[in-house]
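Everything on this sheet refers to the single structure shown next.
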Amino acid sequence: MPGGEGKARLTRRGRILAWGVGVTSAVVLGVAGVGAWVYQDLNDNIKSADVDDKIGGDRPENLSPGSKNILVVGSDSRDGANAEYGKDLTTMQSDTLMVLHVPANRKWATVVSFPRDSWVEVPACDKGDGSTSEPHHYKINEAFALGGTGGEVAGAAACSIKTVEANTGLRIDHFMSVDFQGFKGMVDALDGIEVCPEQAIHSKKARLDMEPGCQTVGGEKALGYVRVRYGVGDGSDIGRIGRQQEFMDALAEKAQAKLTSPKALYGFLQSATKSLTTDPDLAGIKPLYGLASELKGIPSDRLTFLTVPNYPREADVASDKANVVWQFPQATELFAALARDKEVDKKRLEADAKNPVYASSVRVQVLNGTGVSGLAGTVAQKLREAGITVAGTGNAPENSGTTKVTYPAGLEKQAQALAARLPGVRATPDSAAGAGAVTLVVGKDLDLDDIR
């Protein structure tokens, strides 16, 4: 946000505490100075949704006891006050999706944002209307809408959790949903937030008309600003993520500076707590205060905000100009590090992601090493769905208990990109391999559901 004297500066600490976690921090720190009756009033505002019975038992293993992975969803339900923003859309909508990883030692933290247009496999979900969806590929934010078909946040959150876990291998411990209507109330309690768009914004869909330059926005205009996508910058969801981060940075800093009057504080806290729905273990001022206290003690230079490395899916499927796909092996390395509770080097991750290996550039020969009839064809189809070029299928010379990826000279990066989609598999060179294609030998250890 360029320009504007006295405007809140954007800091890493602000980013990590923003959008969901920032709300809880402001809530619990503010509540510390109010009376017992207000405490109970605000505590009762926070809604609880139990998702355990909707997620099921087929979940990733917790590889780092003591750490926490918290799924944060910016939700935009299309009933009640939000109906004006799209009556033709599914009732439950998710415009923001991220995972906050808090390590066991509480000395650093990482937030990973997932572009809402990420093309992923959405697993079977309880839709909340008596039916169950079939596994399929679509945008990642569809999971929230799909699970929330019956209008319940629990189902929406459960499907989002299942989708994130299936595509990342991360075990989600908690979730937090922040509704946009509460967001508007928080902004208004602060008398608006200053933003500085570099170009005019005119969007009927976001109900927004803004001229370039610094200006204070509140209420519907503030909501439109964080939701607008098309007609701003490159029109991508990546650009919108950046605007949302900047806006919530400014909101968090202004809240800390302005919430000194009882009236403003109470109005802000009422809106903030009413906007929150969490899992039962986080549903209350006391557990949220504990979370905020843990985050507050983390040094600012150890707080990292990342977006999953990605590229336009158009590079793999020419007709798809609307979605992005995750970049491998960088995405797998990111998720594996967090699963093992290892701090991510942001600069290295971004440097490695500058030259993506498109899935369509990977040519693979799929060989069945299990003796199970038709398995090579099944795996080949899964790889084609991911955009990978299958050069052919066949049977391996001998049965193998272990899945293997081998490659000839010159195809190391393509082999690594393929192996990253197969949990536990490493690519190894093969000097005797024919040129032009990577070889995948499907072993008995490969779980088809784990192919990414």
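Nothing in this text is a laboratory measurement; each read-out follows from the coordinates by a stated rule. Just so it is clear, the model here is predicted, and its values are computed rather than measured. Heads up, the Cβs are rebuilt from the backbone with ideal geometry, glycines too, and the neighbour counts pull from every protein chain shown.
Tell me which residues come under 5 Å, amide H to amide H, from Val308 once H is placed; ignore anything under 5 positions away on its chain.
Placed amide hydrogens put Ser113 under 5 Å from Val308.
On full extension of the chain, what length is gained from Glu385 through Arg340, given 0.36 nm per residue of separation minus the C-alpha to C-alpha distance?
13.3 nm
Out of all DSSP beta bridges with both ends in segment 359-450, state the antiparallel percent to the nearest 5.
20 percent
In whole Hz and in residue order, list the ³J(HN,Hα) couplings for segment 138-143 that follow from phi through the Karplus curve 6.51 cos²θ - 1.76 cosθ + 1.60, θ = phi - 60°; x for Gly and Pro.
For segment 138-143, the Karplus-derived couplings read 6, 4, 5, 6, 5, 4 Hz, x marking Gly and Pro.
Among Met98, Met210, which comes first, second and so on when ranked by fewest other beta-carbon atoms within 10 Å?
Fewest-to-most Cβ neighbours within 10 Å comes out as Met210, Met98.
Can you tell me the length gained on complete extension of the stretch Asp445 to Val372, counting 0.36 nm per residue apart and subtracting the Cα distance?
25.0 nm
What list of ³J(HN,Hα) couplings, whole Hz, do you get for segment 127-136 from phi and the Karplus terms 6.51, -1.76, 1.60, once you set θ to phi - 60° and write x for glycine and proline?
Working through the residues one at a time gives 7, x, 10, x, 10, 10, 6, 8, x, 6 Hz.
In segment 332-404, which GluC sites (Glu not before Pro) fall in coil by DSSP and have 12 or fewer other Cβ atoms within 10 Å?
Within segment 332-404, the qualifying GluC sites (Glu not before Pro) (loop, at most 12 other Cβ atoms within 10 Å) are Glu398.
List, in order, the whole-Hz ³J(HN,Hα) value for each residue of segment 280-290 obtained from phi through the Karplus relation with A = 6.51, B = -1.76, C = 1.60 and θ = phi - 60°; use x for Gly and Pro.
Karplus values, whole Hz, x for Gly and Pro: x, 6, 9, 7, x, 4, 4, x, 5, 4, x.
Going by how many other Cβ atoms sit within 10 Å of their own, how do Asp279, Asp450 line up, fewest first?
Asp450, Asp279
Roughly speaking, what is the stretch gain from Asn62 to Ser361, that is 0.36 nm per residue apart minus the C-alpha to C-alpha distance, in nm to one decimal?
Net length gain for the segment: 104.2 nm.
Sort Phe305, Phe268 so that the residue with the fewest other Cβ atoms within 10 Å of its own Cβ comes first and the one with the most comes last.
Phe305, Phe268
Mark the label point 7 Å from the Cα of Asp41 along Cα→Cβ and return the residues of segment 184-204 whose backbone N is within less than 11 Å of it.
The answer is none, because no backbone nitrogen lies closer than 11 Å to the label point.
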